[in-house]
Each structure stands twice: as C-alpha cells, then as structure tokens.
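Everything on this sheet refers to the single structure shown next.
Each reported figure results from applying straightforward, stated rules to the coordinates on display, with no laboratory input. Remember, predicted model here, so these are calculated numbers, not experimental data. All Cβ positions, even for glycine, are placed from backbone atoms using ideal geometry, and neighbour counts span all protein chains on display.
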Amino acid sequence: MVFNMRKGLFAKQKNIFYDLLYQQSQKTLEGLEALASYMDNRSPETAKQVKKDEVEADDLRLILIQELDKTFVTPIDREDIFNLSRAIDDVMDYANSTVLEMEIYEVPADGHVKEMVNILISAGREINQAIKHLELQPKVAAVHAVKAKAYENTMEGAYRLALSHLFRGDDPVFMLKMREIYRHLSNAADRGDEAANIISSIVMKHS
C-alpha cells in the first residue's frame, strides 16, 4: 500500500512537468498567432493581446521553476526541463519585443515581416506537438522536432532576403529600424531551433 502511494505521488510529479511545458508552448503559440493578428491590424488591442500572452507564458514558466525547486525526482533531467522552458520563453519574449519596437520605431509590417511571423507560427506548432507527444510517444515528438528545426532554415532564407531588399533603399534610419525588427524575428526562430534541439536530446537520452 505504501509502495502504491509513492508510485501515485511520483506519477503526479512526473506528469506536471510535461503538462506545464505543453501549456507554456501552447500559450507561446497563441502569442505568435496574436503577433500575426497584430501585423494585420496594428491596434492597441492586438498589441495588448501579445503582451497578455507573454505575461501568461511567463507565469507558466515561473510555476514550472517553482515545481523544479521543490521536486527531488523529475521524469527527465531538470536541466533539460529548465532549458526547454527557457528557450520557449525566449520565443515569446522576442515576439513581444517585436511589437514594442514596431510601436516605438513606427515602422510598417511589410511582406517580409508577415512571412517571418508565419514561419514562426509553423515552427511553434511543431514544437507544441513535439512537447505534446514527448512523454508517451517520444519518437513522434522527435519527428515534430525535426520539422521545427527545418523552419529555422526557412527563416534564415527569409531573413537574408528581407535584408537584401531592405538595403536597396535610400533611407539609412529606416533600414536600421527594420533590420532590428527582422533580427528579433530571426532570433525567435533561433530559440525555437534550440527548443527543438533540446527535445531531440531528451528523446535520445530516454530512448
């Protein structure tokens, strides 16, 4: 009976980390979709929604860290849990920073920006699905992680194309502003790639 009780407690602790990571990735995906809405409709409401999703994602990460602090045994390496959560958090942070700087710089959402945001959403969906399957179907998770990594390469191409078009202009101040926006989105993709790498590493360690 004591053994069963301990087993039940362990299962509960084990599941909460997968669940929190999934919730965090889900909220980040919602934030990226809100970012796309902002690009189509530059309003205070759409900007606030991105910020709201960023704050809620931060709250989920805080809960996860608190659980890590009080849990002795975790289902996967605690460093992997922490780093995966941090990488996902960075994606959402860059999404929010993109909105903030577009508001400050008063620059438009051109076709390149919208394309890069759509790439982020696609990568975010793959990361979200990878985490969803990480506990019970790790091989499926690995497939989604590989797909997420492919979008980082797509983003790199989109980023370089955006810069090449940008630097054909004749307004150096505008070019510097837009380069920062493109860079934020590219950095978000880099952090998504890091999340995918961590997922792949987790699968490899526990296969």
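A few remarks follow.
- Put a dot 7 Å past the Cα of ASP40, heading toward its Cβ, do the same for PHE167, and the two dots end up 3.3 nm apart.
- Relative contact order computed over the stretch 8-137 (Cα-Cα under 8 Å; 6+ residues apart), in percent: 43 percent
- Residues PHE72, PHE167, PHE82, PHE17, arranged from fewest to most other Cβ atoms within 10 angstrom of their Cβ, appear as PHE72, PHE167, PHE82, PHE17.
- Pairs exceeding a 23 Å alpha-carbon distance, out of LYS48/LYS70; LYS52/LYS114; LYS52/LYS147; LYS27/LYS147: LYS48/LYS70; LYS52/LYS147.
- Sorted by Cβ density within 10 Å, fewest first, the residues HIS165, HIS133: HIS165, HIS133
- From the coordinates shown, Kirkwood radius over Cα pairs in Å corresponds to which of [x] 16.9; [y] 18.9; [z] 17.8: [z]
- Cut-off of 10 Å, at most 15 other beta carbons, DSSP loop: longest stretch of the chain lacking such trypsin sites (Lys or Arg not before Pro): 43-167
- Förster-model FRET efficiency, 25 Å R0, GLU101 and GLU67, C-beta, rounded to 0.05: 0.15
- Which of TYR18, TYR159 has the fewest Cβ neighbours within 10 Å, and the rest in rising order: TYR18, TYR159
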